Amino acid sequence: MENPFIDIHTHQRQAITEKVWSIRNQFPAEREDNQTDGWFSVGIHPWYIESREEALAQLKNMEKALARKQCIALGEAGLDKVTETDRKLQEEIFAAQVKLSETHNKPLIIHCVKAYSELLGLRKELRAEKAWIFHGFNSSYEMARQIIDHGCMLSFGQLLWKEGSKAESVIGKIEPEHWFLETDDEDISIESVYDKAALITGMQVEELKKILRDNFNRVFQTHAS
């Protein structure tokens, strides 16, 4: 079978096909009848933590979503130094989601804004073993290497089109065995992201598809086929 295009993080609602595999981002409060027929992740984004009480209630809702076979990851969750949400509260709710990731044996898709070192510190402190995927990565090569050394993955998307971006620079220096590709909330196709990544790295699209399929099989072992 031909290797699919894999969209590791998207806000677009679409079903899984032989050509494209995608993981749709979902929030705990979404009704079950609004859930996608395909794979999805569920998590509490730091932008949307309004209070500790509400977040704790959402964590309980997550348990129901995590029980569904279509839910193959947690997230996006993480830390954001730009948002107004209290930092300690962000850390508390993130730590709770890390625990769910470990308990349910599911990878965690990471939202990170200016908090890479803090997140890697928490990974060590919490003794997390499941893979974390830092989506929308746009930091330095040195930080990319630190993330990889901590047993995590990177994911690249729209910023590959931004000339001079850190994402554009890093993807050409990091072996594709350590990253995924995504559409996030942009109006782009995953095929176009693969085309752009292939252009930057000098690789063939079919070669990338095979490597990223192998990455998926390794990170999402219970769903690899």
Relative contact order [Cα under 8 Å, 6+ residues apart], the stretch 127-225, whole percent
23
Within straight cross-link reach of Lys88, meaning Cα distance under 25 Å, which lysines are found once same-chain residues fewer than 8 apart are removed?
Lys60, Lys99, Lys106, Lys114, Lys124, Lys130
The rounded separation in angstrom of the Cα centers of the stretch 125-145 and the stretch 175-206 is 18
Could you pull out every residue, at least 5 positions away or on a different chain, whose amide H is within less than 5 Å of the one on Asp7? Hs are placed 1.01 Å off N in the peptide plane, and Pro or chain starts have none.
Trp21, Ser22, Ile23
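Quick one: Trp161, Trp39, fewest Cβ neighbours within 10 Å first, how do they rank? Walk me through the intermediate numbers first.
Working: Trp161 14, Trp39 20.
Going from sparsest to densest Cβ surroundings: Trp161, Trp39.
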Using only the alpha-carbon atoms, how far is helix 116-125 inclined from the longest principal axis of the chain? Give it as 0 to 90 degrees, nearest 10.
60
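Run the helix sum for the chain: -39,500 (n - 2.57) per DSSP H stretch of 4+ residues, divided by residue count, reported at 222 nm to the nearest 500 deg cm²/dmol.
Roughly -11500 deg cm²/dmol at 222 nm, from the helical runs in the chain.
Please sort by residue number the trypsin sites (Lys or Arg not before Pro) in the stretch 58-134 whose DSSP state is loop and whose Cβ has at most 11 other Cβ atoms within 10 Å.
Working: sites: Lys60, Lys64, Arg68, Lys69, Lys81, Arg87, Lys88, Lys99, Lys114, Arg123, Lys124, Arg127, Lys130; in loops: Arg68, Lys69, Lys81, Lys114, Arg127, Lys130.
Listed in order of number, the matching sites are Lys69, Lys114, Arg127.
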Please list, in order along the stretch 187-199, the HN-Hα scalar couplings obtained from phi with the Karplus expression 6.51 cos²θ - 1.76 cosθ + 1.60 (θ = phi - 60°), rounded to whole Hz, x for Gly and Pro.
8, 9, 9, 5, 4, 5, 5, 4, 4, 5, 4, 5, 4
Normalised by the residues of the chain, what does the relative contact order come to in percent, with Cα pairs under 8 Å and at least six apart?
18
Amide H to amide H under 5 Å from Cys71: which residues, 5+ apart in sequence or cross-chain, H placed 1.01 Å off N in plane?
Phe40
If exposed means no more than 11 neighbouring beta carbons inside 10 Å and the site is in a DSSP loop, what's the longest run of the chain without any exposed GluC sites (Glu not before Pro)?
164-225
Listed by chain and number, the lysines with an alpha carbon less than 19 angstrom from that of Lys209, same-chain partners under 8 positions apart left out, are Lys19, Lys173, Lys196
Given a 10 angstrom Cα cut-off, can you work out which residue in Val205, Val98, Val42 is the most mobile in a GNM of the chain?
Val205
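Loop-only trypsin sites (Lys or Arg not before Pro) in the stretch 136-193, please: DSSP not H, G, I, E or B, and at most 13 other Cβ atoms within 10 Å. Walk me through the numbers on the way to the answer.
On the way: sites: Arg145, Lys162, Lys166, Lys173; in loops: Lys162, Lys173.
Filter output for the stretch 136-193: Lys162, Lys173.
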Return one number: the angle in degrees, 0 to 90 and rounded to the nearest 10, between the long axis of the Cα atoms of helix 87-103 and the longest principal axis of the Cα atoms of the chain.
70
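Here, each number is a calculation from the coordinates, and none is a lab measurement. No experiment lies behind these values; they were computed from the predicted model shown. Here the Cβ is made from the backbone with ideal geometry for all residues, glycine too, and neighbour counts use every protein chain on show.
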